[in-house]
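Working notes, structure below.
The values are calculated or read from the model by the stated rules, or taken from the named source; none is laboratory data. Being a predicted model, the structure only gives us computed values, none of them experimental. Neighbour counts are summed over all protein chains in view; Cβ atoms, including those assigned to glycine, are modelled from backbone coordinates with ideal geometry. For accessibility, only protein heavy atoms count, side chains too; no ligands or nucleic acids. Shrake-Rupley method; radii C 1.70, N 1.55, O 1.52, S 1.80 Å.
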Amino acid sequence: MTEYSLSTVMTCYQDPSAVVATDGRRTLDRAAFERRVRQWMAVLAPHPAHVFGIYLDDAGEFAALLMALWQCGRTPLLAGDNLPATVARLEKHASALIGSFAAPTSLASIAEPEPEAPEVATPFVSIPRDHAAVIVLTSGSTGEPRPVTMHLAQLEDEVAMHEAQWHDVAGQALVIGTVTHQHVYGLIWRVLWPLAGQRPLARYYSHYLEDVLAWSRECRDLVLVTTPSHLGRLPAHADWASARGAWRMVVSSTAPLATADSLAAGERFGVAVTEIFGSSETGGIAWRQQQWDPVWQTLPGITVGVAQEDDEGSAGIEGRANNEGPLVIRSPLLGHDHWFATGDQARVESGQRFTLLGRVDRIAKIEGKRVSLTAMERCLQDHEWVREARVVVLGGHRTRCAVVATLTDPGMEVLDQVGRRAFSGTLREWLASTFEAPVLPRHWRFPDELPRNAQGKVPQHLLAELFPTESLPAESPVRSGVHLPEVLASRVEGSEVTLRIRVQQELAYFQGHFPEVPVLPGVVQVHWAEHFARSLLGDDLPSRARFRRMEVVKFQQVIQPGQEVTVVLSLDRARGRLGFRFHDGDIGFSSGRLVFVVEGNGQ
């Protein structure tokens, strides 16, 4: 096992020919990596800025820049994306930008040094543990993103925990991933952990499963860093046989992985999936491998308990058997020895073992009655038809519950047989045995996947966007005004439509939808897809009465006023499926399918 830490990455010896980063064709060895760090230092040292907003696709270049910033005593602010709204937020907290930022900004922009750029001659130094190593913008599931500063001590200690736990398993395997290094999970596992363990890292993250499997054909010694949203939709038809034997570890985080998905992924990759539980505030807390044990085991040095109110306020009690309540932790990563509330419910078996029971109760008042949304979600997930469920509260002239649920295979079969109204009615009856009638959900959506953001989380606003009409107040301005984009060009070729549209500022949907940073609701994009399909493909698209469900819907990036977007629609008449994709070159905004019942096939 290596003896050095993050603070000594640049001062600790490594073979000059050792690979630091690779894209499968081009490699960055240790000698070239050190040279690149010195080139970045030559750029950064004379600059007056202290905090730099950064966004780089290349994780190898990102790692060199990160080391240079630390060597110069500077701090990076991670931009989760490079959209105009994010750039606007960076302007509040950074003094300059580095990387791929196209949006207009008042901040100074620093270009990457050329390959033959000058280098500093000063020797590398160890980084103080109290250095502000990185700033991230985090807001949990709701709210305006706020800056959170992470000091080197927290990152260094967490990486050391993972290295101590997994070094013998991971060895010197190449670390690849389906997550970006611009968020904390990807930063730690795809950049910092490989650097600390002197193992190579992939320069670019894999957007698709095909990219992941392609790595297994080129390298037979791999660690995959991924999320439940990727592991939950692994196709059975892929060439898993040739990929088996290539994987040292498959790491998953951002949310608990469903047991069935964990077992299926373990079978296909040939190794048990290692799940990591934690947050930006706490760092890593625990791990589990459901193939062997569904209970979470804390990382070294961390103790868990349940919160208990006493005369002096909130305290933590280390777990007795089957002790349930709000989960609290003591962790060296927190910088203090007090109990910290995680916001999760748990059944604690001991100070080192626990079972998650969902988030701490979210209480809402519906029709004057208090109801636990968390308990309602758990109740739904106990039904054999429901795989994952989220309950969202809709506003308007009356407050109501709505449900977004993904279904098991038996659930999908029943939905296709009986239709959405009867299907949701049965689920309401299931809830009625536990909840009073006034609080039962009135609106239901059954997508293939829950809408997730780039970190794999399920924000409340994405759930609410699936219910545009139901959540509008009577006086909502969306009921009047401009509702369609400006069509700049269109082309119809058989069953495929391609449009170039401009999203005008005056569209009614921007009124009140995040006033400070207006964005086009995802559900509006779905409505536009159907509208243009009907207007350009005519009767080839089945009637709305035959609409059954949406599939594989993803909202990847936000669309803002003034943007030009390409819309591609593809209709499979025989199967009653309308595919849509909103994009601008390499930037994908949204995609998915609308499924209709077609006479004769019972879809």
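Rounded to a whole number, what % of the accessible area of segment 69-125 do carbon and sulfur atoms account for, probe 1.4 Å? Before the final figure, lay out each step's value.
Numbers: 1430 of 2680 Å².
Carbon and sulfur atoms account for 53 percent of the accessible area of segment 69-125.
Would you calculate a helix-derived [θ] at 222 nm for the chain, using -39,500 (n - 2.57) for each DSSP H run of n ≥ 4 and dividing by the full residue count, to the nearest 500? Please list the in-between numbers first.
Numbers: 14 runs with 144 residues, N = 603.
Value at 222 nm, helices only: -7000 deg cm²/dmol.
What are the residues whose amide H is under 5 Å from the amide H of Leu357, where those residues sit 5 or more places off or on another chain and H is modelled from the backbone?
Answer set, sorted by chain and number: Gln345, Ala346, Arg347.
How much length, in nm to one decimal, is gained on full extension between His237 and Asp221, taken as 0.36 nm per residue of separation minus their Cα-Cα distance?
Details: separation 16, 0.36 × 16 = 5.76 nm, distance 2.31 nm.
Once the chain is fully extended between His237 and Asp221, it gains 3.5 nm.
With a Cα-only, solvent-free Debye model of segment 165-205, what are the log10 I(q)/I(0) values at q = 0.18, 0.20, 0.31 Å⁻¹?
Taken in order of the listed q values, log10 I(q)/I(0) reads -0.43, -0.53, -1.11.
Kindly rank 573-586, 213-226 from highest to lowest mean number of other beta carbons found within 10 Å of each residue. Walk me through the intermediate numbers first.
Values: 573-586: 16.1, 213-226: 19.4.
The packing order, highest mean first, is 213-226, 573-586.
How are the Cα pair distances of segment 141-286 distributed, in percent, across 5 Å bins from 0?
Going out from 0 Å in 5 Å bins, segment 141-286 shows 2, 9, 20, 23, 21, 14, 7, 3, 1, 0 percent.
Please list 3J(HN,Hα) in residue order for segment 222-228, calculated via the Karplus relation 6.51 cos²θ - 1.76 cosθ + 1.60 where θ = phi - 60°; whole Hz, with x for glycine and proline.
The phi angles translate into 10, 10, 9, 10, 8, 9, x Hz.
How much accessible surface area, in Å² rounded to 10, belongs to the heavy atoms of Lys92 with a 1.4 Å probe?
Solvent-accessible area, nearest 10 Å²: 140 Å².
For the chain, what relative contact order do you get, as a whole percent, if you take Cα pairs closer than 8 Å and at least 6 residues apart? Display every interim value, and only then the final one.
Numbers: 1205 pairs, mean separation 46.3, N = 603.
Relative contact order for the chain comes out at 8 percent.
Which value results for Rg/Rh of segment 13-68 when Rg is the Cα radius of gyration and Rh the Kirkwood radius based on the inverse mean 1/r?
Values: Rg = 12.3 Å, Rh = 12.1 Å.
For segment 13-68, the value is 1.01.
Where the accessible area of segment 193-336 is counted over protein heavy atoms with a 1.4 Å probe, how much of it, in %, is carbon and sulfur? Mind dumping the intermediate values first?
Values: 2990 of 6050 Å².
Of the solvent-accessible surface of segment 193-336, carbon and sulfur hold 49 percent.
So how much accessible area does His230 have, in Å² to the nearest 10, using a 1.4 Å probe?
Rounded to the nearest 10, the figure is 50 Å².
Can you list residues from other chains, or at least 5 along the same chain, whose modelled amide H is less than 5 Å from the amide H of Trp444?
Answer set, sorted by chain and number: Val403.
Hey, what do the phi angles of segment 205-211 turn into as Karplus ³J(HN,Hα) couplings, whole Hz, using 6.51/-1.76/1.60 and θ = phi - 60°, x for Gly and Pro?
Values, residue by residue: 7, 8, 6, 10, 4, 4, 5 Hz.
When all protein chains stay in place, what accessible area (Å², nearest 10, 1.4 Å probe) is found for Trp287?
Surface accessible to solvent at Trp287 totals approximately 50 Å².
Mind checking the per residue accessible area of the chain for me, 1.4 Å probe, whole number of Å²? Could the numbers behind the result be given before it?
Details: 26130 Å² over 603 residues.
Using a 1.4 Å probe on heavy atoms only, each residue of the chain averages 43 Å².
5 Å is the cut-off here: which amide hydrogens, built 1.01 Å from N in the peptide plane, fall below it relative to Leu299, excluding neighbours closer than 5 in sequence?
Distant-sequence amide H within range of Leu299: Ala286, Trp287.
Each residue of segment 350-358 in turn: what ³J(HN,Hα) in whole Hz from Karplus with 6.51, -1.76, 1.60 and θ = phi - 60°, glycine and Pro shown as x?
My calculation for segment 350-358 gives 7, x, 10, 9, 7, 10, 6, 10, x Hz in order.
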